[in-house]
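Please read the structure below before turning to the comments.
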Amino acid sequence: MKRLNTVLKEDGVDTDLILLIRTILATSKEIAFRVSQGELAGVLGSTLNENVQGEVQKKLDVIANQLLKDILLDDSSVRSVASEEEDHAVGGHPEGKFIVAFDPLDGSSNIDVNGQIGTIFTIYLARDDVAFNSDEQFSQPGVNQVCAGYVLYGPSSLLVMSTGGPTRCYTLDSTHGGYLLTNKQLSVPEQSREFAVNMANYRYWDEPTQVYFDKLLYTCESFEKSSMRWNAAMVGDVHRILCRGGLFLYPQDKRSGNDNGKIRLLYEANPLALLVENAGGKATSRGTRILDIAPTSLHQRVPVALGSNEPVEFYNNAIL
């Protein structure tokens, strides 16, 4: 099995970008260890604080965020970082080549029940037309990403990443402490009857979305033998789709503040959309390609439908 460094060099990835990726992954190994220790490391439970999204922070959220922020701001190639847990972008080195955004622990509600969680990250080239510490550094469409990936913590720690080419999967070798290539090219099947959505939100969806699910669940023969899979962690649901196909949905709904859903464009939708597209799938928001959306704010939310081409298109045709 090839080591990560070898694969990145064979892919022609810029040396500076390779070093930055290694910096991020060094922190992922520390997070993986903390996750594996659980209660033994005193990292379970919630803090008394809320993040910028108004969500109660888990202890491990705070730890993971601080670990990533500290190591990235110490890297001279990083001009600025943005985190789902921070109100604004945090300036690093004014001459840095890259900017990095991350969700330190996606699926925080799963932490205390030993469920799937993961770290999502994305890297862009820094902008020279705005201040190094400005939120505007991240006002770039997802198509500009030079690298996107996630580390999924579970029975094994998996890195799924693309640097613009194929979406590849690596497994953390706990013996030697490095990531080894275990799937050189993930490929999303064109068709699948699996879907991932929080059905408890049905009552809040608009009528076209409700009608779509009425057909899926009760009346349409095309959906016969469909299966629902829901992790309560987008990173886990998308990983299943990358491996087996299917449809991940998080629509907008009628609740206050949810008129654009709950998925963050910068920290979740864009990096996962890049991974899905580079594995042959489709990633949309109200029928628009996610990677083409022009951001309007650092913590912008968007409705999401991504996965296998056929079910994504079927859903979009039903609601538009």
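See the values below:
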read-out: Filter result for Ser162 (of a type in the set (Gly, Ala, Ser) and open to solvent by less than 10 Å² (accessible area, probe 1.4 Å)); value: yes
read-out: Members of the stretch 233-276 found to be among the acidic types (Asp, Glu) and either free of Cβ contacts under 8 Å to residues at least 12 places away in the same chain or more than 18 Å from Ala101 (Cβ to Cβ) (or both), listed by number; value: Asp237, Asp253, Asp259
read-out: Residue within the stretch 235-253 that is open to solvent by 10 Å² or more (accessible area, probe 1.4 Å), of a type in the set (A, V, I, L, M, F, W, C) and either more than 18 Å from the chain's Cα centre (by Cα) or modelled with pLDDT under 95 (or both) present; value: no
read-out: Criterion: open to solvent by less than 40 Å² (accessible area, probe 1.4 Å) and either under 19 Å from Ile263 (Cβ atoms) or in contact (Cβ under 8 Å) with a residue 40 or more places away in the chain (or both) - qualifying residue of Ser192, Ser227; value: Ser192
read-out: Residue under evaluation Gly281, criteria (1) touching a Ser or Thr at 6+ places or on another chain (Cβ under 7 Å); (2) free of Cβ contacts under 8 Å to residues at least 60 places away in the same chain; (3) crowded, with 18+ Cβ neighbours inside 10 Å, criterion not met; value: (2)
read-out: Any hit, the stretch 94-101, residues being touching a Gly at 6+ places or on another chain (Cβ under 9 Å), open to solvent by 30 Å² or more (accessible area, probe 1.4 Å) and either modelled with pLDDT of 95 or more or within 19 Å of Leu274 (Cα to Cα) (or both); value: no
read-out: Any hit, the stretch 112-130, residues being open to solvent by 30 Å² or more (accessible area, probe 1.4 Å), under 19 Å from Val78 (Cα atoms), free of Cβ contacts under 8 Å to residues at least 12 places away in the same chain and not acidic (Asp, Glu); value: yes
read-out: Qualifying residues in the stretch 288-315 (those that are over 18 Å from Ile241 (Cα atoms) and open to solvent by less than 20 Å² (accessible area, probe 1.4 Å)) - the one farthest from the chain's Cα centre (by Cα); value: Leu298
read-out: Any pair with Cβ under 6 angstrom, 6 or more apart, that starts in the stretch 74-97 at a residue that is farther than 19 Å from Ile120 by Cβ and ends at one that is surrounded by 15 or more Cβ atoms within 10 Å (Cβ to Cβ) and of a type in the set (Val, Ile, Thr); value: Arg79/Ile99; Gly92/Val78; Gly96/Val78
read-out: Test result for Ile63, free of Cβ contacts under 8 Å to residues at least 40 places away in the same chain, open to solvent by 30 Å² or more (accessible area, probe 1.4 Å) and in a helix (DSSP H, G or I); value: yes
read-out: Where Glu85 falls short, out of the listed (1) under 20 Å from Gln116 (Cβ atoms); (2) in a helix (DSSP H, G or I); (3) modelled with pLDDT of 85 or more; value: (2)
read-out: Subset of the stretch 135-158 [open to solvent by 30 Å² or more (accessible area, probe 1.4 Å) and either within 19 Å of Glu86 (Cβ to Cβ) or aromatic (Phe, Trp, Tyr) (or both)]; value: Asp135, Glu136, Ser139
read-out: Among the residues listed as Val100, Val160, Val151, Val143, the single one being touching a residue at least 40 places away in the same chain (Cβ under 8 Å), closer than 22 Å to Arg264 by Cβ and assigned to a helix (DSSP H, G or I); value: Val143
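The values are calculated or read from the model by the stated rules, or taken from the named source; none is laboratory data. Since the structure is predicted, the reported quantities are computational estimates derived from the model, not experimental observations. Don't worry about glycine lacking a Cβ; one is built from the backbone with ideal geometry, like all the others, and counts go over all protein chains shown. Just the protein is used for accessible areas: all its heavy atoms, side chains included, with ligands, DNA and RNA removed. Shrake-Rupley method; radii C 1.70, N 1.55, O 1.52, S 1.80 Å.
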